[in-house]
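Worksheet: one structure, shown below.
The values are calculated or read from the model by the stated rules, or taken from the named source; none is laboratory data. Just so it is clear, the model here is predicted, and its values are computed rather than measured. Neighbour counts run over all protein chains shown; Cβ positions are idealised from the backbone, glycine included. What goes into the accessible areas is simple: the full protein's heavy atoms, side chains included, and nothing from ligands, DNA or RNA. Shrake-Rupley method; radii C 1.70, N 1.55, O 1.52, S 1.80 Å.
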Amino acid sequence: MMKTEPSLSVKAFATIRFEGDALDPPSLDDLLRVRPTLSYGKGETYRIGRRGIEKTGLTGYWFLNTKTYLETSDLDAHVSFLTKMLTDSTAHPHRDHKFNRIKAVVDQASLEVLVTLFWIGRNGAAMPTVAPRFRSLIDTLRGGIETDFTITEGDPTSLEGRAA
Amino acid sequence: MLDVPEEDVGAAIHSIKAAARLRGADNIVIYDNGDVTDARGEEIGNIYDED
């Protein structure tokens, strides 16, 4: 991941989702060793939002948003959190027992995997890039990565008095 | 009009859509009270619920 000036990075987090009809949330909890932000099996009821809107799972879903665990606006830290969640060996994940068990569950249950990366920075910040090693990790799970990166212009009111 | 900074709205929308199994390209509707619905009109969250 490309480093950007921390003061120019306003907000960042990452999400990961596993979904599929055969998904068993407790099994993924045990495997990933982290509590998800939201999870449910197909046909199970669950609640979202502070008003507790009740829904029924159209398919199984295991979803984690790193902002639950990290408050930093450093996107690298959020990606690192996901990497460590998926593998005990960041140097050689493809030879790692935990990662290979996750891959086996994904394959056997035909789960879809998607990572989303959110980052917003101020004018002058360098847009982040996705590290090839992380992309390879998600590729191995036949997963995808969606990026939602934005650079904001400064507050127009801050330009007051600067007109030539 | 939402009384929330631009970056917070963007982050909230991303979080709500992801939790609702939506993708970036999926359409949503945001109401003045912060409620967010998917393209079918099903409520999927509220901007003010996201910190």
Residue by residue through segment A:120-135, which ³J(HN,Hα) values in whole Hz follow from phi under the Karplus form 6.51 cos²θ - 1.76 cosθ + 1.60 (θ = phi - 60°), with glycine and proline marked x? 9, x, 8, 3, x, 6, 8, 5, x, 10, 8, 5, x, 5, 5, 4
Once you treat every alpha carbon in segment A:33-92 as an equal point and sum by Debye, what is log10 I(q)/I(0) at q = 0.25 Å⁻¹? -1.02
Cα-based helix-to-principal-axis angle, A:75-86 vs chain A, degrees rounded to 10: 10
Segment A:77-93 and segment A:23-46 have their Cα centres apart by a whole-number Å value of 20
Can you check what the net charge comes to around residue B:19, using other residues whose Cβ is under 11 Å from the Cβ of residue B:19 (Lys, Arg +1; Asp, Glu -1)? +2
Most fluctuating of A:121, A:49, A:57 in the GNM of chain A (C-alpha, under 10 Å) is A:49
Taking only Cα atoms, what is the 0 to 90° angle, nearest 10, from helix B:6-19's long axis to the longest principal axis of chain B? 30
Using a Gaussian network model of chain A with C-alpha springs under 10 Å, which one of A:74, A:107, A:30 is most mobile by mean-square fluctuation? A:30
Surface accessible to a 1.4 Å probe, per residue, for the residues of segment A:48-155, Å²: 49
Could you sort A:35, A:51, A:17, B:21 by accessible area so the largest value comes first, with the probe set to 1.4 Å? A:35, A:51, B:21, A:17
Could you tell me which of the pairs A:55/A:98; A:11/A:84; A:11/A:42; A:42/A:84 are separated by over 25 angstrom between their Cα atoms in the structure shown? A:55/A:98; A:11/A:42; A:42/A:84
